[in-house]
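K.L.:
Dropping a structure here in structure tokens format, bear with me for questions.
Every number here is computed from the coordinates shown, using simple stated rules; none is lab data. A quick note: this is a predicted structure, and the numbers were derived from the prediction, not measured. Backbone-built Cβ (ideal geometry, glycine too); neighbour counts: all protein chains shown.
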Amino acid sequence: MQSFKSFVYFINMVVSAVLFSIPALFTFPLPFEKRYAFISQWARYNIWALGKICDLSYEVKGRENIPSQASIVLCKHQSTWETFALQLIFPQQIWVLKKALLKVPFFGWGLALLDPIAIDRSARKKAMEQILEQGKQRLESNRWVVIFPEGTRISPGKRGKYKLGGARLAEFTGRQVVPVAHNAGEFWPKHSMTKKPGVITISILPPIDPKGKTAQEIGTLVETTIENEMQQITTLTK
């Protein structure tokens, strides 16, 4: 039964992406705030549908740790789920992502309208320059910057290599870093259509002030903070 529900949700997600992307194209002339307000409703809808169809909800720990000023979110990456949920939890935001994602029909068109920092990972020096320059501009425009420091989805119980792009942006701009941990991969695994019922836990951890710290020190602190929290919220061995 859960496999069938998951299939229904998948079809719903694909169809809704098409339906949202068409009117979203007409938001192109509008200010970013209005484009974001409309397009982010797709994420809100999918989180709602996930609960209704697959019996999968979530709880947020640490909302009080969200700063009042636009900051840099460095989030654990296990699933597609967090790309939706972060839009419901944090203020208007942009993402650092692979340039190739913008070429995906419908989904990529919507992403392009949200002013992401689209990088070519093979051009590392240029990619870092983009993150610093465009990241600073986005933050100064009161847009939060979301980065997945591991770069790709990592299976539950495992740890990827934490890259320093977000930490260097923090050092460069002086903006706070908000580490985020969650266990979504246990319920919505990568490379799997089946969604397990339950409650995903997402933890917003105390912000890190980059003042007086090097990018390496910031990155190490982020990794330690996130991975320590992962040991607390994982349900694999509980």
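K.L.:
Here are some pairs, Lys76/Lys103; Lys5/Lys195; Lys163/Lys211; which of them have Cα atoms lying more than 18 Å apart in this structure?
P.N.:
Going by Cα-Cα distance, Lys76/Lys103; Lys163/Lys211 fall outside the 18 Å limit.
K.L.:
By counting other Cβ atoms within 10 Å of each Cβ, how are Cys54, Cys75 ranked from fewest to most?
P.N.:
Lowest count first: Cys54, Cys75.
K.L.:
Name the residue from Ala112, Phe32, His77 whose Cα lies farthest towards the positive end of the charge dipole of segment 2-233, charges +1 on Cβ of Lys and Arg and -1 on Cβ of Asp and Glu.
P.N.:
The residue sitting most towards the positive pole is Ala112.
K.L.:
Would you please classify the overall shape of the chain from the alpha carbon gyration tensor, given that a ≥ b ≥ c denote the square roots of the eigenvalues, rounded means a/c under 1.5, and beyond that prolate means a/b larger than b/c while oblate covers the rest?
P.N.:
Oblate.
K.L.:
Would you calculate, for the chain, the mean residue ellipticity at 222 nm contributed by helices, counting each DSSP H stretch of 4 or more residues as -39,500 (n - 2.57) and dividing by all residues, to the nearest 500?
P.N.:
Value at 222 nm, helices only, nearest 500: -15000 deg cm²/dmol.
K.L.:
Still on this model: Roughly how far apart, in whole Å, are the Cα centres of segment 63-98 and segment 157-215?
P.N.:
Here the answer is 9 Å between Cα centres.
K.L.:
Taking the Cα centre as origin and putting +1 on Lys and Arg beta-carbons and -1 on Asp and Glu beta-carbons, what dipole magnitude results for the chain, to the nearest 20 debye?
P.N.:
Roughly 520 debye, rounded to the nearest 20.
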